[in-house]
Amino acid sequence: MKLSCCLADRGLRITFINTESVHARLVDSLPGKGKEFGPIHMVSLSDGLTPEERKDPTKQDHAVNNNLPRELEKLIKNNESSEHGKFACVIADETLGWALDVARKMGVRHAAFFPAAAGVKAIVHHIPKLIEMGAIDENGKENLPDDAHYMLFMSKIALTIISSHSRT
């Protein structure tokens, strides 16, 4: 939302898209409880799940990767014929790569951002190295040593990540 506000402050028309469940909570928290937050237009996409199904991570993951891309494609198509015209760019959280794929497919410029800390991005980027070091297995399950060696092991991981960045 902060990125959207910064872009809107520079005169860009922003459509902020969320799932229905997140959208409802966000809109309820806004002053005036409307679909507009200053110059930002708030829109929701249906994940196709019931409130009960949203509690199941497997169903939620399936909906995000299967239902939401179709819904975003529909929104982009519908927006082209609206008073607002075509979307100029889709900026999506990097963890929602499907949104960038939809934008690419629809011929819309796109960019990713990573809202988490830079350290998290570095760790995610170095997953193969973490597997090689034995910190996690191929399925992402942690395989850390007992507490006595934990800090030393984590320092080794941090130094490995830092040193690999300094070579690039």
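If the condition is being buried (at least 17 other Cβ atoms within 10 Å of the Cβ) and under 18 Å from the mean Cα position of the chain (by Cα), then region 1-42 contributes 4, 14, 16, 17, 19, 23, 42. Taken together, the residues in region 89-112 that are out of contact with any strand residue (DSSP E or B) (no Cβ under 6 Å at 6 or more places or on another chain) and in contact (Cβ under 8 Å) with a residue 24 or more places away in the chain amount to 6.
Test residue 54 against the stated conditions and say whether it is surrounded by fewer than 15 Cβ atoms within 10 Å (Cβ to Cβ) and on the phi < 0 side of the Ramachandran plot. No, not satisfied.
Selection of region 67-86 for residues being surrounded by 11 or more Cβ atoms within 10 Å (Cβ to Cβ) and at pLDDT below 90 yields 79, 80, 84, 86. Consider region 87-130 and keep the residues that are aromatic (Phe, Trp, Tyr) and under 16 Å from the mean Cα position of the chain (by Cα). The one that is surrounded by the most Cβ atoms within 10 Å (Cβ to Cβ) is 98. The condition of being under 18 Å from the mean Cα position of the chain (by Cα) and crowded, with 16+ Cβ neighbours inside 10 Å holds for only one of 49, 45, that being 45.
Taken over region 92-114, the criterion of being at pLDDT below 90 and more than 19 Å from residue 67 (Cα to Cα) is satisfied by 112, 113, 114.
The values are calculated or read from the model by the stated rules, or taken from the named source; none is laboratory data. Remember, it's a predicted structure, so these values are computed and weren't measured experimentally. Cβ sites come from the backbone with ideal geometry, for glycine too, and all protein chains shown count toward neighbours.
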